[in-house]
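Report on the structure given below.
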Amino acid sequence: MAGTDTTPKAASTADDLSGLEAGLDALDAVEVRRAPVQEIIVRKVVPPVLAIAVVLAVWHVLVSLKVTAETKLPSLSAVWDSLSQMWIQGTLLEVIWTSVSRGLLGFLLALAIGTPLGLLVARVTFVRAAIGPILSGLQSLPSVAWVPPAVLWFGLNDAMMYTVILLGAVPSIANGLVSGVDQVPPLFLRAGRTLGATGIRGIRHVVIPAALPGYLAGLKQGWAFSWRSLMAAEIIASSPDLGLGLGQLLENGRNNIDLPGVFLAIILILIVGIAIDLLIFSPVERWVLRSRGLLLTN
């Protein structure tokens, strides 16, 4: 009887091992393919274009049916006329570049400050206990609150603008890196130390790569805070010496009771924010996911 019981068990074990081997082979056989351009357009370009078309159609219907007065919602043609006028005058690209250049430079400065600060908070217990709560508090503080003291400190100049950007973006970048480092498996750190990756080498080759997803999320949030901080500073502290940016354009529209100009400024601010995310952060995010085997197609 014992012999007859053992044979089925052995066969069952062999079948299980064969199934496991087949499953592992199937996993190894998964190939990362690059999606055709047409497929990328259909999946990633058409949906947002359709959404924008629906919003514009609803906007046009509301104005055409006089559901709301033009003093509250301007017509699309009026906004287009404002855009055309700025293009003809040659001020459109200049206004956009003024704000974009400030925002990107301020973000790079915040990146240079927030990254080492985040590593310091994540890796040194005393520093985390001392300034970790402060960073969290600063991240929740509205960026517009820094505009009045920055004006008093530096006056109406670019230094004031960059100060507001830094105070808004640095906490987000630092906290994002801290969160990413906290999620690094301890096994990675022990393996790195065993292989000689300690100190700066350990941070460079183990900590930063392992914390990259959380760090990238902090960078995206840091850019959002940079852009919002800059717009708040340009709206409140407008001056001819600062040049005309998108925030000043929005404020000028309000002062001149130019509702089409106000909506044009809002649309341009939104377009720039979306464009930066699509052109910079989305490709980096896809590369990170693909490098970790979490993204099989583009």
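The values are calculated or read from the model by the stated rules, or taken from the named source; none is laboratory data. Source: prediction; values computed, not measured. When we count neighbours, we look across all protein chains shown, and the Cβ atoms used for this are built from the backbone with ideal geometry, even at glycine.
Some notes on this structure:
- Only a single item in (1) within 16 Å of Ala232 (Cα to Cα); (2) out of contact with any Asp or Glu (no Cβ under 9 Å at 6 or more places or on another chain); (3) not in a helix (DSSP H, G or I) is not met by Val184, and it is number (1).
- Glu285 vs. criteria modelled with pLDDT under 80 and either touching a helix residue (DSSP H, G or I) at 6+ places or on another chain (Cβ under 8 Å) or in a helix (DSSP H, G or I) (or both): yes
- Candidates Leu244, Leu189, Leu219, filtered to the one that is modelled with pLDDT of 80 or more, part of a helix (DSSP H, G or I) and among the hydrophobic types (A, V, I, L, M, F, W, C): Leu219
- Against the test of being touching a Lys or Arg at 6+ places or on another chain (Cβ under 6 Å) and surrounded by 11 or more Cβ atoms within 10 Å (Cβ to Cβ), the options Val121, Val79, Val100 yield a single qualifying residue, Val121.
- Residue count, the stretch 60-74 (criterion: buried (at least 17 other Cβ atoms within 10 Å of the Cβ) and either of a type in the set (S, T, N, Q) or modelled with pLDDT of 85 or more (or both)): 1
- The stretch 77-98 residues that are closer than 19 Å to Leu230 by Cα, paired with ones that are of a type in the set (A, V, I, L, M) and surrounded by 13 or more Cβ atoms within 10 Å (Cβ to Cβ) (beta carbon under 6 Å, 6 or more apart): Leu92/Met86; Val95/Leu244; Val95/Leu249
- Some residue of the stretch 263-274 being buried (at least 22 other Cβ atoms within 10 Å of the Cβ), free of Cβ contacts under 8 Å to residues at least 24 places away in the same chain, part of a helix (DSSP H, G or I) and not aromatic (Phe, Trp, Tyr): yes
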